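Report on one structure; see the data block that follows.
No lab work stands behind these numbers, since they all come straight from the coordinates. All of these numbers come straight from a predicted model, not from anything done at the bench. Here the Cβ positions follow ideal geometry from the backbone for every residue, glycine too, while neighbour counts run over all protein chains shown.
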Amino acid sequence: MDTPIRTSAVVLVLSRKVRSFNELQNDLQISPSTLSRILKYLRAKGSIEVKIVHDDILGIRKVYSLTKKGKKVLPLFKKLDNAKAEVLDLVG
């Protein structure tokens, strides 16, 4: 299993916009094999879905997006981010 940080990063990127495999790879700077494992894991958990889109410029491609289940973790990320800010304020 890949690190929770990398998996979380994929979820956060997808929370902003639907992305193709190459876009995710470029955004996150991770290897294709690692990204494939993470996407497979998130699909198996029902957190992301894959759609085939037809684009006049790019042709046919797969894009990834969060499902309702995947979006449920976003408030938790916000809480973690707030907690991180509080800790940083306390320690300096």
Inset, instruction - Go ahead and estimate [θ] at 222 nm for the chain from helices alone: -39,500 (n - 2.57) per DSSP H run with n ≥ 4, summed, over the residue count, rounded to 500. - result: -18500 deg cm²/dmol
Inset, instruction - Counting residues in the range 4-91 as N, plug N into 2.2 N^0.38 Å and put the Cα Rg over that result. - result: 1.23
Inset, instruction - Find, among the trypsin sites (Lys or Arg not before Pro) in the range 1-68, those assigned to loop by DSSP (not H, G, I, E, B) with at most 13 other beta-carbon atoms within 10 angstrom. - result: 17, 45
Inset, instruction - Tabulate in residue order the Karplus-calculated ³J(HN,Hα) for the range 23-32, using 6.51 cos²θ - 1.76 cosθ + 1.60 with θ = phi - 60°, rounded to whole Hz; enter x for Gly and Pro. - result: 5, 4, 4, 5, 5, 9, 6, 10, 5, x
Legend entry - the range 4-91: relative contact order as a whole-number percent, Cα under 8 Å and 6+ apart: 30 percent
